[in-house]
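The values are calculated or read from the model by the stated rules, or taken from the named source; none is laboratory data. Quick caveat: nothing in here was measured; it's all calculated off a predicted structure. With ideal geometry, Cβ positions are generated from the backbone for all residues, glycine too; neighbour counts draw on all protein chains shown.
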Amino acid sequence: MEKVRLRHVNLRFRLSEDENGNPHFTTDGAGEIPIHVVPCESEDQWIDVLNETSEVPFAFAERPPIRFFLIQAPTRSDVVIVSHHIICDGMSLAYLARDLMTYLGDPNAEVEALPNPVLVTLDSIPAEVSLNPIARAILRRMNKKWAREKVVFNQQDYLDLTATYWREYRHVTLPIELSEAQTGALATRCKAEGVTVNTVLAAAFVNAQMELNGGKLPHPIICIAVGLRD
């Protein structure tokens, strides 16, 4: 785990606030990331682990908002990684899982730390990434209103929102596994169409849910977890 943290800087951060309540990342006082070892009792136990940990809020001010679970059995083991979107996206998790498997397979492998993530600003967004004028105007208006009202969400707000969500909603995890050939074909088609795999999967599941809901958008929004299997 230490080598993975050395390679990925976001695994060494916690959230802190300045005197105005503005959050920022800091390594000062950031706690370790625990690895939870769970005895394996069934082939689909990872689903139960995923569902249970999804209801547990992250302690942003104490440690990086990510959790690792090792579901251990004599003949096979599953690794479950659950992270908040504030430090990574789906593709980042795939690279993280790859690096974790690399260091587990070769504990003596040298660590090459990745560069710090680029701060997203109007100046750092690539020129080819653009919004249509209407969307840009809406976002500009929302940002001005947000800055004017100075609404700040703190940890207690997060805890209250999390508790309210799980009191009002339940979710079901449906595992769907693609073959190597299907995965390759999907990735190739996505590249040809200029879209990400995650975007296509999200659109497909939302469309399926709309058909089940009689044409209505799903609520709450569907979440997609992408797993790697050796």
Inset, instruction - Output the number of the condition that PHE153 fails; it satisfies all remaining conditions of (1) loosely packed, with under 11 Cβ neighbours inside 10 Å; (2) modelled with pLDDT under 90; (3) not aliphatic (A, V, I, L, M). - result: (1)
Legend entry - Test for TRP146: is it more than 20 Å from PHE60 (Cα to Cα) and either among the aromatic types (Phe, Trp, Tyr) or in contact with a strand residue (DSSP E or B) (Cβ under 6 Å, 6 or more places away or on another chain) (or both): yes
Legend entry - Residue pairs meeting the criteria (Cβ under 6 Å; at least 6 apart or on separate chains; first assigned by TED's automatic domain parsing to the domain that holds PRO23 and modelled with pLDDT under 85, in segment 69-98; second exposed (fewer than 15 other Cβ atoms within 10 Å of the Cβ) and part of a loop (DSSP other than H, G, I, E, B)): GLY90/VAL226
Inset, instruction - Please specify each residue of segment 199-210 satisfying the condition of being surrounded by 15 or more Cβ atoms within 10 Å (Cβ to Cβ) and within 25 Å of GLU128 (Cα to Cα). - result: VAL200, LEU201, ALA202
Inset, instruction - Show the residue pairs that are 6+ apart or on different chains and have beta-carbon atoms under 6 Å apart, the first residue being within segment 32-46 and surrounded by 11 or more Cβ atoms within 10 Å (Cβ to Cβ), the second being among the small types (Gly, Ala, Ser) and modelled with pLDDT under 90. - result: CYS40/ALA73
Inset, instruction - List the number of the failed condition for VAL80; all other conditions in (1) of a type in the set (A, V, I, L, M, F, W, C); (2) surrounded by 11 or more Cβ atoms within 10 Å (Cβ to Cβ); (3) assigned to a loop (DSSP other than H, G, I, E, B) hold. - result: (3)
